[in-house]
């Protein structure tokens, strides 16, 4: 075994001092005929296999050479899975260890006639399967993603290539079907550039667009039509959606247009064997189109002509495993590397989408204002002034306007009620001094999961008696009312109407077109057959008041997603939002102008130097560890260091989240900011510094993240 050459995809000055020493030794030594330690017979042609080993460690982020035994010659082809002997690190080569090392999975990326290493090579232990699962295109994409996010190639490949299922692999894939006919524009005709976009895809062009979809149920069929138009040109297509409900809607629309057999569905709900079988159908060329959730962004579609993403602002598109890539950025890399079309669609608009339009990289694809007003429901607002003068709002939580909208809506269909928080009463405070109620054992927030129940949200202990540590009060008031309590209140107010809830524990996919109250948390709203007659968007302050750069953008996205399920103004659809009407996100909702809101946000961020205009990275750890790390990082000259700022300590009993510091430790965070064009240099510098630190033994943990979602 030996380290590969510069073509292995490493970035920066080298992962570590150890490996740099090994490479210097390799370059000075003359190349020799490959041989193994045991003298086993090798393949007659191309006896060296260059392997990417499944070790997601930055200082080992390179290729390694192995000898190919003669008995594995036929099966050991580029792209197949293999098992190799791999020690604790590359120092086993330098130390001259002739045997040992654990069996580790890997992929062959290349067969070569000779190695850059002059010493004996370890032999491939086994070929797991002769199925070539790692194509050169997928390898190049994974390398680009790893470099962008300062991660390792092995980590990206774990996301890109699903685990093997022998039974699925043994089943043959069906023969590919001929391309379908070009679809009729249908509801794409509602957009001035819509028919032209489909025609460009059908004729083999690669248009790029940011699509502001009209409210209503037609978006799934429109996205399916774009996929079919691409298939009609003889090319493949890929569509990534945020959740299983969206995938099911597009799957139904796509099946209705072209039948079954031309597309694969990649979701985690399918199970390992079925999902791997679908993935193999794409890899083998049996299915030319893919729709799926986040992991489908790496699907090996042959001759891809379109990559599409729906609702890029949804947090589900952000991968939770290293190196934490976002589906939007991965598809942008695919569009650039594979020169294919790109479609970013949503009823809302993120700042990143607006930047694609402002830069000229993509064209806007939107309906005119008259069409928007016709399709969107009537939006009415209730601000703080109205609430203060409203007797009904003081006695209960719903203002008079909301009660009227519910009553009117229930005459013709279901009514949606969006509540920002789940549970019964998720946050409580002292009635006298308004101090948040805390657990006496762990200082976690107290919550009421049901009426007359009180427990800690962190440690789960039931609390029988409570008193305020500040004023000694013993009575509690609701700081935030959850979906369950709201459903209970509405049930008492409308006793003859069924009340259903949809949230994290139980998400409804659809509800019938008959009078009912549907209480839902954001993102869990079911689709109503024929659309909702009305919708209430409660507690707008809870989403707008979050201390986050994206609070306004996220609140508007949640509101638009719910309001898009309501019937249009011509059918009497009404939406009541309980939020201050003078705020920019509320005004954008009233006008139904998500692109205008995103453009104004982008202009303000450009003035302040915030993402996405600039590129940012976060470095978290103990104060001394961060200082030492930054001292070794060769940051770009234009990099700004913001911080450090202390992070709140994580309690031992609190539910763990990705990126949380270890329990009881006081961590700090530093933000690094660079102007446009320096993002790659920043990622390379951070990756090199982290590689060197890990090669020397690491020490205290330092966590690096490119494009952190939460910067305050």
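Roughly how far apart, in whole Å, are the Cα centres of region 503-540 and region 55-87? Measuring centre to centre over Cα atoms gives 51 Å. Peptides 568-581, 207-220, 228-241, 667-680, ordered by how many other C-beta atoms sit within 10 Å of their residues on average, highest first, read 228-241, 207-220, 568-581, 667-680.
Extension gain, residue 77 to residue 607: 0.36 nm times the residue separation minus the Cα-Cα distance gives 185.5 nm. Taking a ≥ b ≥ c as the square roots of the Cα gyration tensor eigenvalues, region 325-368 comes out prolate, since a/c reaches at least 1.5 and a/b is larger than b/c.
Using DSSP, restrict attention to beta bridges with both residues in region 186-371 and report what percent are antiparallel, rounded to the nearest 5.
Roughly 5 percent of the DSSP beta bridges within region 186-371 come out antiparallel.
Measuring from centroid to centroid over Cα atoms, what is the spacing of region 258-297 and region 594-622 in Å? Result: 35 Å between the Cα centres.
Sort 567, 407 so that the residue with the fewest other Cβ atoms within 10 Å of its own Cβ comes first and the one with the most comes last.
Fewest to most other Cβ atoms nearby, the residues stand as 407, 567.
Rounded, prolate or oblate: which one fits region 100-213, using the alpha carbon gyration tensor with axes a ≥ b ≥ c (rounded when a/c is under 1.5, else prolate when a/b beats b/c, else oblate)? Because a/c hits 1.5 or more and a/b exceeds b/c, region 100-213 counts as prolate.
Tell me the relative contact order for region 129-265 as a rounded percent, counting alpha carbon contacts under 8 Å between residues six or more apart.
Relative contact order, region 129-265: 21 percent.
Peptides 188-196, 263-271, 54-62 ranked from most to least packed, by the mean per-residue count of other Cβ atoms within 10 Å: 54-62, 263-271, 188-196.
Put in order of Cβ neighbour count within 10 Å, fewest first, the listed residues 582, 701, 381 become 582, 701, 381.
Among 246-256, 73-83, 174-184, 144-154, sorting by the average number of other beta carbon atoms lying within 10 angstrom of each residue, highest first, gives 144-154, 246-256, 73-83, 174-184.
Just so you know, all these numbers are worked out from the coordinates, no wet-lab data involved. Just so it is clear, the structure is predicted and the values come from calculations on it, not from any experiment. Cβ coordinates were reconstructed from backbone atoms using ideal geometry, including for glycine residues, and neighbour counts include every protein chain displayed.
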